Amino acid sequence: MGKSHSKARKVENREHKMKAVVLAAGLGTRMRPLTFTRPKFLLPVAGKPALDHLLSLLKDAGFEEVGMVVGYGRELIQQRYGAGSDYGLKITYILQPELLGTADAVSKVKSFVGEEDFFVINGDIFADLESLRSFLKSYEHFSSNENFAALLCTVEVDQPEQFGIIETEGEKVKRIIEKPTSPTATKTANAGIYIFTPEIFEAIKRTPKSERGEYELTTSIQLLIDSGKDVFIHPIKIWGDLGRPWDLLLANEYFLRNLKGEIRGKIEVGAHIGEQVYIGEGSRIRSGSYIEGPTYIGENCDIGPNCFIRPYTTICDHVRIGNGVEIKNSIIMEHTNVAHLSYVGDSVIGSHCNLGAGTTIANLRLDERVVEMRIGGEKVSTGRRKMGTIIADNVKTGVNCMINPGVKIGPYAAIGPGAVVYGDVKPGTFILARTVMEIRKWPVPEELLEDER
């Protein structure tokens, strides 16, 4: 009892000194084509990069020092966050030279965390502050156990094959199955939020490569369990991850729910601005525009005239929305132009894109079935009946082109005028539609024919 009490007192004294580790090195292959040109952690959600929201969460939870494991796109990440002072944090960058999995990533932080217990979170996670505080409180309880080795966040999911599945006995983890290929009895998934003791580093040393050729953190945790250590769970309800492109829309909706309306730009007479609409400095809302909240509009945007911006839309900086355009539940990234008489619904549009006049993005199948999207060569259900398109950076569309639900268009692609796009478009591809033109005689007054002769 004395030993347990001593450990509990030690935990209490370092409550706000525990270091946080953010895993932000991955390629984000399932998020392609958006991640061909930027790391997924910098994709915008509710007006700012997704990683901004995570760092704010850590700051609000009481963390002061963050070790950020970086790899792909590290220059962009370091340029954005620097030493962390703008976010009220001290950020140390830890390079993962080869992307060999989550266990390998955690192994790189040993010198950063020292001999203390430490917090780990995947960089593509979003959760609420109450859940995180509850998780940290749960750690105070479980860590008094002399056999404590780790605490995991868990969440109930509908598609367990997409996650690491947790089998439990009471509050302890019995077994972890990484992305099961056969049906499981449980839908309890690993949420990608942990607290570890330094014992995890020895388990990582003994971790073999998986079938994917990576060192999986879930395998390391299983080794801890198999060696007799206790790994506990803490369930949370509000949670999401940016694993696939349509997850951006879910995260965008989540963060916009609590958006505070504010107008910093110029609103012309005759424009309607609803509640929970944020308009950044230098932006202009032209007459006849109708904007419903929650909607975020960044700086130096030109909106309208006579356009319709529907709820849960994010329009980033320097975006032009033309006359008669309708945008619904979408993310439009910086320096993009959506020309007049276009429709964009339930879609993500990259930066520096130009959608020609009359571009129509369909977001509902004729049979109204759930939209599927191709991920890693396989068709995957988005779980959404309404789902438009994913367009990467620097894409151009010609006038009156149509893009069907579930289509992905890679960076630097171009869609010609009048084209109808049914399938994914690879980066740097030009889709050109040419109609067959037939010339026939048509009855005209005889005097015109004589003039022609």
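Around Asn354, which amide H atoms from residues at least 5 apart in sequence, or from another chain, sit under 5 Å from its own amide H, with H modelled in the peptide plane? For Asn354, the qualifying residues are Asn337, Val395, Lys396, Thr397.
In this structure, the amide hydrogen of Val420, modeled 1.01 Å from its nitrogen in the peptide plane, lies closer than 5 angstrom to those of Met402, counting only residues at least 5 positions away or on a different chain.
Cross-link pairs exceeding 25 Å in C-alpha to C-alpha distance, out of Lys48/Lys266; Lys260/Lys396; Lys108/Lys187, comprise Lys260/Lys396; Lys108/Lys187.
So what is the relative contact order for the stretch 237-351, in percent, with contacts set as C-alpha pairs under 8 Å and at least six apart?
17 percent
Once the Cα-Cα distance is subtracted from the 0.36 nm per residue extended length, the Glu211 to Glu268 segment shows a gain of 14.6 nm. For the stretch 193-201, backbone phi angles converted through the Karplus equation (6.51, -1.76, 1.60; θ = phi - 60°) give residue-by-residue couplings of 10, 9, 10, 10, 8, x, 4, 4, 5 Hz, Gly and Pro being listed as x. Each of Tyr343, Ile361, Gly388 was placed along the dipole of the stretch 307-453 (beta-carbon charges, centred on the mean Cα), and the one lying farthest toward the positive end is Gly388.
Within a straight-line Cα-Cα reach of under 19 Å, Lys441 cannot be paired with any lysines, leaving aside sequence neighbours fewer than 8 residues apart in one chain. Candidates Phe112, Ala127, Thr168 compared by Cα position along the dipole of the stretch 66-205: farthest toward the positive end lies Phe112, with charges placed on Cβ. Helical runs assigned H by DSSP (4 residues or longer) give the chain a calculated mean residue ellipticity at 222 nm of -5500 deg cm²/dmol, each run adding -39500 (n - 2.57) before division by the residue total.
For the stretch 186-313, the orientation-averaged shadow of the C-alpha convex hull comes to 12.0 nm² (one quarter of the hull surface).
Order of 37-46, 135-144, 374-383, 350-359 by packing, highest average Cβ count within 10 Å first? Show your work: numbers first, answer last.
Values: 37-46: 24.1, 135-144: 17.8, 374-383: 12.8, 350-359: 21.7.
The packing order, highest mean first, is 37-46, 350-359, 135-144, 374-383.
Karplus-derived 3J(HN,Hα) values for the stretch 427-444, using 6.51 cos²θ - 1.76 cosθ + 1.60 with θ = phi - 60°, are x, x, 9, 10, 9, 10, 10, 10, 7, 7, 9, 10, 9, 10, 6, 9, x, 9 Hz; glycine and proline are entered as x.
Please give me the summed charge of the neighbours of Ser131: other residues whose Cβ is under 11 Å from its Cβ, Lys and Arg +1, Asp and Glu -1. Don't jump to the answer; show the numbers that get you there.
Values: positive: Arg133, Lys137, Lys237; negative: Asp128, Glu130.
Charge balance in the 11 Å sphere: +1.
Computed from Cα atoms alone, the Kirkwood hydrodynamic radius reported for the stretch 197-253 is 13.9 Å.
Over the chain, what is the relative contact order in whole percent, taking alpha-carbon pairs under 8 Å and six or more residues apart? Could the numbers behind the result be given before it?
Numbers: 1131 pairs, mean separation 47.1, N = 453.
Relative CO of the chain lands at 10 percent.
Where both residues lie in the chain, what percent of DSSP beta bridges are antiparallel, nearest 5? If you can, show how the numbers build up before the last one.
Values: 28 of 97 bridges.
The antiparallel proportion sits near 30 percent.
Here Leu27 and Glu156 are evaluated by their C-beta separation; at R0 = 22 Å the FRET efficiency comes out at 0.20. A cut-off of 5 Å between modelled amide H atoms, ignoring neighbours fewer than 5 places along the same chain, links Ala189 with Val155, Glu156, Val157, Ile166. Take every pair of alpha-carbon atoms less than 8 Å apart whose residues are at least six positions apart; their mean separation over the length of the stretch 373-416 yields a relative contact order of 40 percent. Mind putting a number on the dipole of the chain about its Cα centre? Charges go on the C-beta only, +1 for Lys and Arg and -1 for Asp and Glu, and I need it in Debye to the nearest 20. Dipole magnitude for the chain comes out near 500 debye. Each residue of the stretch 338-350 was assigned a 3J(HN,Hα) from its phi angle through the Karplus expression (A = 6.51, B = -1.76, C = 1.60, θ = phi - 60°), giving 10, 6, 4, 6, 9, 10, 10, x, 6, 9, 10, 10, x Hz with x at Gly and Pro.
Quote the charge dipole size of the stretch 181-261 about the Cα centre in Debye, to the nearest 20; the model charges only the Cβ of Lys and Arg (+1) and of Asp and Glu (-1). Write out the running numbers ahead of the final one.
Details: 10 positive and 10 negative charges, 52 e Å.
Computed charge dipole of the stretch 181-261: roughly 240 debye.
Toward the positive end of the charge dipole of the chain, with +1 on the Cβ of Lys and Arg and -1 on the Cβ of Asp and Glu, the farthest Cα among Leu89, Pro427, Ile195 is that of Ile195. Other residues whose C-beta falls under 15 angstrom from the C-beta of Asp52 contribute a net charge of 0, scoring Lys and Arg +1 and Asp and Glu -1. Once you reduce the stretch 207-284 and the stretch 116-175 to the center of their Cα atoms, the two points are 17 Å from each other.
What fraction of the Cα pairs in the chain, stated in percent, has a spacing above 34 angstrom? Please list the in-between numbers first.
Details: 41318 of 102378 pairs.
Of all Cα-Cα pairs in the chain, 40 percent lie more than 34 Å apart.
Any idea what the dipole of the stretch 59-117 comes to, in debye rounded to 20, about its Cα centre with Lys/Arg Cβ at +1 and Asp/Glu Cβ at -1?
Details: 6 positive and 10 negative charges, 48 e Å.
The calculated dipole for the stretch 59-117 is roughly 220 debye.
The loop-placed trypsin sites (Lys or Arg not before Pro) in the stretch 200-237, going by DSSP, that have at most 13 neighbouring Cβ atoms within 10 Å of their Cβ come out as Arg206, Arg212, Lys237.
What is the stretch 94-151 by shape, rounded, prolate or oblate, if you read a ≥ b ≥ c off the alpha carbon gyration tensor as root eigenvalues and call it rounded for a/c under 1.5, prolate for a/b larger than b/c, and oblate otherwise? Verdict is oblate for the stretch 94-151. Distance from the Cα centroid of the stretch 18-59 to that of the stretch 324-362 is 23 Å (rounded to whole angstrom). Computed from the C-beta positions of Arg385 and Leu100 and an R0 of 56 Å, the FRET efficiency is 0.90 to the nearest 0.05. Counting charges near Val319 (Lys, Arg +1; Asp, Glu -1) among other residues having Cβ under 13 Å from its Cβ returns a value of -2.
Taking 14 Å as the straight-line reach from the Cα of Lys59, the aspartates and glutamates in range (excluding those fewer than 8 positions away in the same chain) are Glu15, Asp86, Asp128, Glu130. Kirkwood hydrodynamic radius computed over the stretch 288-367 comes to 12.1 Å, based on all pairs of distinct alpha carbons.
Every read-out reported here was derived from the displayed coordinates using simple, explicitly stated rules and does not represent laboratory data. Predicted model only: the values in this text are computed from it and were never measured. Cβ sites come from the backbone with ideal geometry, for glycine too, and all protein chains shown count toward neighbours.
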